[in-house]
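To keep things clear, I will list the structure first and then write my remarks on it.
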Amino acid sequence: MRAAAEEGLVFLDADNTLWDTDSVFAEAQLGLLAEVDRFFAPQERSDALGHIRSYDQALAEIDHRHLRYPPYLLVRALALGNLGHGPVEAARLTASHHAIAEVAEAEEAIVGRYFEALGRGPELLHGVVDGLVTARDASIDVWILTEGSADRQRARAATLGIAHLVKGVSEGTKTIKQFDRQRRRFAPAPVVVIGDQPDRDILPAQTAGCTGVLVPSGFRPGWIEPAAWREADHVADRFDRAIDWIIATIDPSRVAAAE
């Protein structure tokens, strides 16, 4: 196959693809659980982070904001967990505005400290700088596609010293329609999407006719079927190895033929 050198274009997820947001959230969530435990006797836990995330995911599955639900709900759900309620039941009770008086009194302070912990900037993941440099040297334009604030991601890229290696930041919901629009916008160049989640990054990109390269993060939501982690066009263990695969194997005629 021909290399995607002169005309290749890559859209990147940023969180947990370029920088390690997962570790920041993990530390903040563990701190939040410790705060809840100050009010209620903690359970026996062999995996504190797994415990938190079982409640986190139960809330995300029933809240229309998905993983963007307000964190005070997690405070309440974990408190209910300490009282013996499982994740699904706690999420249901919390969604019904169930609050526990002892936690409600300190809820604002707990959430405030949680946001302070999230304010700690993430670090770049291994292989990111090398991968971005390799892409630049191969004439592959790299864009960040974010569902959050484009200005925030630009600022983070600048803080981490990689802004000069990124063509730009595009803000929009990651849907089949969005990826199809980008594919048509840059046709006939091959469009590749790199991300860490099969459902949010890879599947909609592939359905839209883009190539999907998965670089899995440590965060694996329970609602994603195990098979989904193998259904990308390629799965790499590091960002730079994803870029190496793109340069070595993507055929520009694949996207052009789909037009």
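The values are calculated or read from the model by the stated rules, or taken from the named source; none is laboratory data. Given the structure is predicted, the values throughout are model-derived calculations rather than measurements. All Cβ positions, even for glycine, are placed from backbone atoms using ideal geometry, and neighbour counts span all protein chains on display. Remember, those area values only see protein heavy atoms, side chains included, never the ligands or the DNA or RNA. Shrake-Rupley method; radii C 1.70, N 1.55, O 1.52, S 1.80 Å.
Tell me, what is the per residue accessible area of the chain in Å², probe radius 1.4 Å?
On the way: 12480 Å² over 259 residues.
Roughly 48 Å² per residue, with all protein chains present.
Would you mind computing, in nm to one decimal, how far apart the modelled labels at Asp63 and Glu27 are, each placed 7 Å from Cα along Cα→Cβ?
Distance between label points: 2.2 nm.
Considering only protein heavy atoms and a probe of 1.4 Å, how much of the accessible area of the stretch 158-259 is carbon and sulfur, as a whole percent?
Its accessible area is 51 percent carbon and sulfur atoms.
Rounded, prolate or oblate: which one fits the stretch 136-190, using the alpha carbon gyration tensor with axes a ≥ b ≥ c (rounded when a/c is under 1.5, else prolate when a/b beats b/c, else oblate)?
Oblate is the answer for the stretch 136-190, as a/c is 1.5 or above yet b/c matches or exceeds a/b.
Carbon and sulfur: what percent of the stretch 1-118's accessible surface (1.4 Å probe)?
52 percent
Label Gln43 and Ala163 with points 7 Å out from Cα along Cα→Cβ: what is the distance between them in nm?
4.5 nm
Under a crude label model (7 Å from the Cα following the beta-carbon direction), how far is Ala106 from Trp223 in nanometres?
3.1 nm
Can you give the longest stretch of the chain with no exposed loop site, where a site means trypsin sites (Lys or Arg not before Pro) in a DSSP loop (not H, G, I, E or B) with at most 15 other C-beta atoms within 10 Å? Kindly include the intermediate steps, with their values, before the conclusion.
Working: sites that count: Arg2, Arg38, Arg45, Arg65, Arg120, Lys167, Arg238.
Result, exposed sites excluded: 168-237.
Per residue, what volume in Å³ does the convex hull of the Cα atoms of the chain enclose? Could you put the intermediate results ahead of the total?
Values: hull volume 31.6 nm³, N = 259.
That works out to 122 Å³ per residue.
Given the options Asp196, Asp15, Asp233, which has the most mean-square fluctuation in a GNM of the chain, springs set between C-alpha atoms less than 10 angstrom apart?
Of Asp196, Asp15, Asp233, the Gaussian network model singles out Asp233 as fluctuating most.
Is the stretch 33-135 rounded, prolate or oblate when judged by the Cα gyration tensor, a ≥ b ≥ c being the square roots of its eigenvalues, rounded requiring a/c under 1.5 and prolate requiring a/b larger than b/c?
Judged from the Cα gyration tensor, the stretch 33-135 comes out prolate (a/c at least 1.5, a/b above b/c).
If you take the beta carbon distance between Thr207 and Ala138 as r and set R0 to 30 Å, what does 1/(1 + (r/R0)^6) give as a FRET efficiency, to the nearest 0.05?
0.70
Name the residue farthest towards the positive end of the dipole of the stretch 36-104 from the options His51, Ala101, Gly81, assuming +1 on Cβ of Lys and Arg, -1 on Cβ of Asp and Glu, about the Cα centre.
With unit charges placed on the Cβ atoms, the residue in question is Ala101.
State to the nearest 20 debye the size of the charge dipole of the chain about its Cα centre, where the only charges are +1 on K and R beta carbons and -1 on D and E beta carbons.
620 debye
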